[in-house]
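Report on one structure; see the data block that follows.
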Amino acid sequence: MELIHLNTIWVVLAAAMVLFMEGGFALLEAGLVRTKNAVNVTMKIFVDLTIGALAFWAIGFGFMFGDDAGGWIGLSLFGSPESIDLGMDLPSAAFVLFQLGFAVACISIVSGAVAERMNFKAYVIIAALIAMVLYPISGHWVWNGDGWLAQLGMKDFAGSAVIHALGGAAALSIAWILGPRKGRYRDGSVNVFAPSNIPLAASGVFILWFGWFGFNAGSTLNAADGMLSSIALNTMLGAAAGGTSSMLYTMFRYGKTDPSMVMNGALSGLVAVTAGCAFISQWSAIVIGLIAGLIVIFATIFIDSIQVDDPVGAVAVHGFNGVFGTIALGLFDMEAGLFTTGQTELLIAQVVGIVAIVVWGFGGGAAIAYLAKVTVGLRASAEEEDEGLDMAYHGIPAYNELDRFSETTKALYDFEASTGVSIQETKEFLNPKV
Amino acid sequence: MELIHLNTIWVVLAAAMVLFMEGGFALLEAGLVRTKNAVNVTMKIFVDLTIGALAFWAIGFGFMFGDDAGGWIGLSLFGSPESIDLGMDLPSAAFVLFQLGFAVACISIVSGAVAERMNFKAYVIIAALIAMVLYPISGHWVWNGDGWLAQLGMKDFAGSAVIHALGGAAALSIAWILGPRKGRYRDGSVNVFAPSNIPLAASGVFILWFGWFGFNAGSTLNAADGMLSSIALNTMLGAAAGGTSSMLYTMFRYGKTDPSMVMNGALSGLVAVTAGCAFISQWSAIVIGLIAGLIVIFATIFIDSIQVDDPVGAVAVHGFNGVFGTIALGLFDMEAGLFTTGQTELLIAQVVGIVAIVVWGFGGGAAIAYLAKVTVGLRASAEEEDEGLDMAYHGIPAYNELDRFSETTKALYDFEASTGVSIQETKEFLNPKV
Amino acid sequence: MELIHLNTIWVVLAAAMVLFMEGGFALLEAGLVRTKNAVNVTMKIFVDLTIGALAFWAIGFGFMFGDDAGGWIGLSLFGSPESIDLGMDLPSAAFVLFQLGFAVACISIVSGAVAERMNFKAYVIIAALIAMVLYPISGHWVWNGDGWLAQLGMKDFAGSAVIHALGGAAALSIAWILGPRKGRYRDGSVNVFAPSNIPLAASGVFILWFGWFGFNAGSTLNAADGMLSSIALNTMLGAAAGGTSSMLYTMFRYGKTDPSMVMNGALSGLVAVTAGCAFISQWSAIVIGLIAGLIVIFATIFIDSIQVDDPVGAVAVHGFNGVFGTIALGLFDMEAGLFTTGQTELLIAQVVGIVAIVVWGFGGGAAIAYLAKVTVGLRASAEEEDEGLDMAYHGIPAYNELDRFSETTKALYDFEASTGVSIQETKEFLNPKV
């Protein structure tokens, strides 16, 4: 038996866990948005998993891992990512599958920030372009050995910068251009739209948390990596610490423990340890997580203060904490040590890298949004938004309310029996769009 | 360290993922049926996982993998499947667990097609007989080396034919005999019963998708199988392609992207690549998936046109695409090649095999349905169907609507305080069966 | 490649599955309680996963696995569990992560029994103390080689006693001291509060079932353990048998197949085989499961008869079946055999062990509850309980009912348009706490 066989099942299982995270994104978003848009956010995740995945497989992979052209872009492997020569004990198909999971996750970060008011066709275009162009190009800079940020010495183990900060920066510019949901900001104050389904959102977080073990530990791509179990433990401790600080902060500051913040706090801990999980101690993971759980609260308030509407907090969780995690690795890296020249050099590389990625993500996101705007139109119409995107784009509500109530149904049957008006007619009268 | 140790954890983990798919079936069905039957479909999946699993373990396994008697049936190992001599680097208990997952999945395919109107006791009998007799006998033909279809050269890597087409064919005949739900077909037109909970259904799809990596890649039963990661990647690409074509078709044909079709499209891609995932290229997996995502749409329309009522589309997804996937393997098999004698021979074996399995599944399903009909009665009474099977068979609604509404609850308390009528009485008045 | 690399990924994956079980606990509880407390039970699971996990990591681990002091307690490794010297082919971080999952699961058992009426801050204290002190000390007795129960020869492979019986005993005493929910027992009869969301509860069971394969088979901590796949198979058969007996019993005794009992029956089978899964035959696992599925029914009735209110049946599932599973191992252990001196000795060790653990759990639980009572107060106020803990502690309902209904929302807009009363005002009028 060879190491390659062990690595094969390790990376395939980790990839399956990463792809399962899409379920987490979908349920988290469906729970946090208003009911009338819960189907739409779910369908957008299906766009990521279908069209987005094929777009990355056919095109994006080549830009990311193809033969390097000057440190800026890869230019080979289009349509045949499996022909990559990895030079490690891992079949190329396992590597491709794992990278597919990462690309799809990056798109899904954006999906949350633009929830509840984007034209569905615009989303299809945006998702495809993120997977084909935006994500793989900056990914090439860091994760291809010849990329200019890799050459500079930037470290990002599992993607705080490459995936989360990039996705968060693109989410910010696209949400900005898209504009806020109707009625979100009135007379300078924020109108809170309450999450529609907290248990559903929590289901999503549990799936994301589970998948993140594959996301981070799977990034070893090598089961014999001596740090593998430490990575997994750091992932857990970062998440636990992130949830702890956001829980205690909201409990003592507001008198209520805010579920959305606790969930986003745990996710923020996960995002923030993702860059450094292979390079830092357990105590560092806890410290990073604790800070991340507070960052998400203030970032959420800040983003609302500039009136960029992010219904699920994607920019605060992935953008802000992706940036924080990338820089925190420069502070806590065990190899570089504290107050050494090595640390200074690493920190410079981290800062240059994260600035480059955020600028690229923000600018590229804006360009993609503009492209969607001038082709199919970026935004749902005011009527579609009022009605809810579920009925407008999918012709079906998330929860079929009339069937939900046996007494209502019974009443409908009784009404039919006594008046002759059919149930269908009554339903249409009560809820014209069903 | 030996290969057997690696294979042990590989197959145990894959089996756990396959068994987790039962959660996927349950949530998918609970989301697609009407609210008043959501508990019942969930309980039917528990029948599969409990009585069905024990029935297969004790009896079915022996028919499937016992010593061959003439190529048609196995006849040993009853009550002690672990005593099988596998002749491979895998403990027999891991093999038994994995096969248990497959058998339970096959039953669950049928469960969806008969939703919302079957007598619960009839379902228990049907589930046990599928697990004990129907599935294992035709499974023996293909997956036992001495089986007559295996001897003929039929290939079915992970069960497009053995599990999905068989389950789909049995689902078709049982649903046919059972008859449609009340009010489903009126004056020759189809009365659409809207799915009750789309996010719940989507949760089910995400779990199924995740579990399918265990289903297909786990079918190697060998972590050193050189195709393992290619199988996993093909699984992903088939699913992505299936979802893509059904999404784009419904988007452009109907103007609305239909969530049920997108979900069933992705599942159809999974079903269709299941036979060939170990033998075909990545591009072939995409082509197969794209076709599968269209087949499911037309198959759904066709099945409704013959007035067989399949509330979740199980026949279209598993039956039609199980058949398609089995034949597609004959077209895309890399070993046989295109336009060769080998391909012709393989195609003949595939066609003979799938015809045999569909005939067996359809006829055997009918026989089992008849047996249930003459013993406990196949169909719920009209009153039970009106009321919903949740109250009729389980005494509880899926969602306890009165507790859901704090204002309602508050009103009940106020009403009690002011009139003296107890909350219990008011609840019973409003919803007599709670 | 070394065994340690295989063990690393095995234990990391198993630990991820165990930690994913927290999602199962959360959804199961959220589905079984009344809607007005669904957020609160979910947030309590987040307490377990965040504060509870950090408390065990920093302190509890040292009490459990630190250097033994007289067989009763460990006293080292505080703040640095990874410095443990395992003396096996496994990195310490993987072991720590796996044990973290166990500790968090133990807390979560208690969370269900105290649902719907506990002060949230009291729960935080209780969760931290279970993870820091209660669970690790008795865990030390059994799972540290020098512990007094280990020395006595007590066997508990994956924690029927150490985790489940302990958690169940603590749940019993804490729930007792906490008192029943308002209106639960009136005039000597039990007032049934119907579960709010059965599909959600079922989702939880599927996740728990999936995670349990990691829980039990992962307890080998060694992929080369010859019993590994037999353990996984026994886990499945125990669960299937538990669900079977509770399903058939409620079907024939009450005429209705009770979903809560079927789900708790399957979980009871899992709990009961957890101690013995590595030491018993497949048939024994089935027998144990069948008995466990009946025990849970009678235990539930018994606990209600002494008016201890356990909203989700945690004491019946984990407490009673934890005790049963621990003793059953003494009866079915293959090594000891039947009617041998070895069996007698083992049975005595099992009985002594389980009595010690139950007494410790019950007494320790009471002490912890008392501590919470005199500091922050154990119980929610009557007003908070009436209103629901979701609004009281988290300021948000589980399901945002007004947004759920497009016709209601539409009516609100119409009302605003015609009267000038804002939607916000109307909402507040209808549901003052939103």
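Observations on the structure shown:
- Qualifying positions in the range C:6-16 - in contact with an Asp or Glu (Cβ under 9 Å, 6 or more places away or on another chain) and more than 7 Å from chain A (Cβ to nearest Cβ): C:Asn7
- Odd one out for A:Leu3, checked against (1) in contact (Cβ under 8 Å) with a residue 24 or more places away in the chain; (2) surrounded by 24 or more Cβ atoms within 10 Å (Cβ to Cβ); (3) within 11 Å of chain B (Cβ to nearest Cβ): (2)
- Test: residue in the range A:180-190 that is within 14 Å of chain C (Cβ to nearest Cβ) and under 24 Å from B:Phe206 (Cβ atoms): no
- Every condition in (1) over 20 Å from A:Ala314 (Cβ atoms); (2) in contact with a Phe, Trp or Tyr (Cβ under 8 Å, 6 or more places away or on another chain) is met by A:Gly145 except one, and the failing one is (2).
- Per this entry, B:Gly276 is not counted among residues that are under 20 Å from the mean Cα position of the chain (by Cα), in the same structural domain as B:Phe206 (by TED's automatic domain parsing), more than 28 Å from B:Ala202 (Cβ to Cβ) and modelled with pLDDT of 95 or more.
- Matching option when the condition is within 27 Å of B:Ala232 (Cβ to Cβ) and either among the β-branched types (Val, Ile, Thr) or in a helix (DSSP H, G or I) (or both), among B:Ile327, B:Ile303: B:Ile327
- Contact map, the range A:74-92: residues that are away from chain B (no Cβ under 12 Å) and under 17 Å from A:Tyr135 (Cα atoms) paired with residues that are part of a loop (DSSP other than H, G, I, E, B) and at pLDDT below 95, Cβ distance under 7 Å, separation 6+ or inter-chain. Pairs shown: A:Leu75/A:Ala69.
- Criterion: touching a Cys at 6+ places or on another chain (Cβ under 9 Å) and either under 23 Å from C:Met236 (Cα atoms) or within 14 Å of another protein chain (Cβ to nearest Cβ) (or both) - qualifying residue of C:Ala292, C:Ala285, C:Ala314: C:Ala285
- Qualifying residue in the range A:232-242 (condition: free of Cβ contacts under 8 Å to residues at least 40 places away in the same chain and either in contact with a His (Cβ under 9 Å, 6 or more places away or on another chain) or not hydrophobic (A, V, I, L, M, F, W, C) (or both)): no
Let's see how each residue does on (1) closer than 30 Å to C:Trp72 by Cβ; (2) assigned by TED's automatic domain parsing to the domain that holds C:Ala278; (3) not charged (D, E, K, R):
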| position | (1), (2), (3) |
| --- | --- |
| C:Ile291 | no, yes, yes |
| C:Leu294 | no, yes, yes |
| C:Ala328 | yes, yes, yes |
| C:Asp333 | yes, yes, no |
| C:Leu338 | no, yes, yes |
| C:Gly342 | yes, yes, yes |
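- Every listed requirement among (1) surrounded by fewer than 24 Cβ atoms within 10 Å (Cβ to Cβ); (2) out of contact with any His (no Cβ under 7 Å at 6 or more places or on another chain); (3) at pLDDT 95 or above; (4) more than 7 Å from chain A (Cβ to nearest Cβ) is met by C:Asp48 save one, (1).
Results for (1) over 19 Å from the mean Cα position of the chain (by Cα); (2) within 12 Å of another protein chain (Cβ to nearest Cβ), shown as yes or no for each residue.
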residue: A:Ala239; (1), (2): no, yes
residue: A:Thr244; (1), (2): yes, yes
residue: A:Phe252; (1), (2): yes, yes
residue: A:Phe302; (1), (2): yes, no
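- As for the range C:74-82, it holds at least one residue that is surrounded by fewer than 24 Cβ atoms within 10 Å (Cβ to Cβ) and closer than 25 Å to A:Phe210 by Cβ.
- Selection over the range C:368-386 of residues that are free of Cβ contacts under 8 Å to residues at least 24 places away in the same chain, in a helix (DSSP H, G or I) and loosely packed, with under 15 Cβ neighbours inside 10 Å gives a count of 2.
- Residue tally, condition crowded, with 21+ Cβ neighbours inside 10 Å and at positive phi, over the range A:129-185: 1
- Test: residue in the range C:151-158 that is free of Cβ contacts under 8 Å to residues at least 60 places away in the same chain and in the same structural domain as C:Ala26 (by TED's automatic domain parsing): no
- Residue match in the range C:280-289 (condition: of a type outside the set (Lys, Arg), in contact (Cβ under 8 Å) with a residue 40 or more places away in the chain, in the same structural domain as C:Ile207 (by TED's automatic domain parsing) and in a loop (DSSP other than H, G, I, E, B)): yes
- Considering the range B:192-226, the residues that are within 8 Å of chain A (Cβ to nearest Cβ) and in a loop (DSSP other than H, G, I, E, B) include one that is surrounded by the most Cβ atoms within 10 Å (Cβ to Cβ), namely B:Ala223.
- Filter result for the condition that a residue is closer than 30 Å to C:Lys373 by Cβ, touching a residue at least 40 places away in the same chain (Cβ under 8 Å) and out of contact with any Gly (no Cβ under 8 Å at 6 or more places or on another chain), over C:Pro259, C:Pro195, C:Pro180: C:Pro180
- Boolean, B:Phe252 is at pLDDT 95 or above, in contact with a Lys or Arg (Cβ under 7 Å, 6 or more places away or on another chain) and surrounded by fewer than 23 Cβ atoms within 10 Å (Cβ to Cβ): no
- Residue check for B:Ala202: in contact with a helix residue (DSSP H, G or I) (Cβ under 8 Å, 6 or more places away or on another chain), within 30 Å of A:Trp10 (Cβ to Cβ) and of a type outside the set (Phe, Trp, Tyr): yes
The values are calculated or read from the model by the stated rules, or taken from the named source; none is laboratory data. All figures in this text were calculated on a predicted structure; none of them were measured in a lab. Virtual Cβ from ideal backbone geometry, glycine too; neighbours counted across all protein chains shown.
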